[in-house]
Amino acid sequence: MSATATRALVSGYATRLWDEKLLVMLQAYVDDSRSQIGNRRLFFAGYVLTVEEWIAFSNEWDAALGESPAIDYFKMAEANGRGGCFRKFSVAQRNMKVFRMAQVVKKFAPMPLYTSVSSKEFDEIVKPVAPYPMHTPYFALSYALIYGIADIHARLGLKHKC
C-alpha cells in the first residue's frame, strides 16, 4: 500500500492525534448465494482475519492458485460446474484444486461470518416500504455482517473502540 493510501486511513483525525488514536481495520471477504426455490434464501458469508494473517493467507492462496494446473482465481460455482477457469479440468484435477484451496483456508482458520434472509419475504414485506438505499436485502445483510463483527469484538472482550 502506498504512503498516500495509508495516510488516507487516518485522514479524519488531525495529525497531532494520530499517535493517540487506535485505528482498527478489519478486512473481510464476502460472497453471496441465493436459492431460486422455496423462500429464495439469500446468504452472505465471508471470513475475517487480521492484517498480518490476510497478508500470509493471500500469499499462500496465490501460490496455491499457481500450482499446476494453474488458475487465475477461484470461484466455487465454476469449480462445481467445471466452467470458467475450470473448463479444461478433469474431474480429478478439479477435485484436487478444490481440496488444495480448502487446505489453505483450513490452515489459516479465518473467523467465519454469515447471515441470511428470505428474499421472498423481504420482497413482500420490506421492499414495498423501504427507502431507496434499503430496497434490496443486500443492505440488511451488509449491516448484519457489520453488527456481527462488532459482536465478535465485544465477545472477545476487546476494550478498543470499534
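General remarks:
- Residue ID - surrounded by the fewest Cβ atoms within 10 Å (Cβ to Cβ), chosen from residues in segment 45-64 that are among the hydrophobic types (A, V, I, L, M, F, W, C) and under 13 Å from VAL105 (Cβ atoms): ALA56
- Scanning segment 130-162 for residues that are within 17 Å of LEU42 (Cβ to Cβ) and not in a helix (DSSP H, G or I), we see that the one that is modelled with the highest pLDDT is ALA130.
- All helices (runs of 4 or more DSSP H) inside segment 1-93 with 1 or more residues being modelled with pLDDT under 90 and within 30 Å of LYS120 (Cα to Cα): 76-81
- Segment 104-129 - residue that is polar (S, T, N, Q) and assigned to a strand (DSSP E or B) and, of those, farthest from GLU60 (Cα to Cα): SER118
- Selection from segment 31-44 of residues that are of a type in the set (A, V, I, L, M, F, W, C) and either buried (at least 16 other Cβ atoms within 10 Å of the Cβ) or more than 13 Å from the chain's Cα centre (by Cα) (or both): ILE37, LEU42, PHE44
- For segment 67-88, the tally of residues that are open to solvent by 50 Å² or more (accessible area, probe 1.4 Å), closer than 12 Å to ARG100 by Cβ and within 22 Å of the chain's Cα centre (by Cα) stands at 1.
The values are calculated or read from the model by the stated rules, or taken from the named source; none is laboratory data. Worth saying up front: this structure is predicted, and the values here are computed from it rather than measured. Note: ideal-geometry Cβ built from the backbone for every residue, glycine included; neighbour counts use all protein chains shown. We work out accessible area using only protein heavy atoms, side chains counted, and drop any ligands, DNA or RNA first. Shrake-Rupley method; radii C 1.70, N 1.55, O 1.52, S 1.80 Å.
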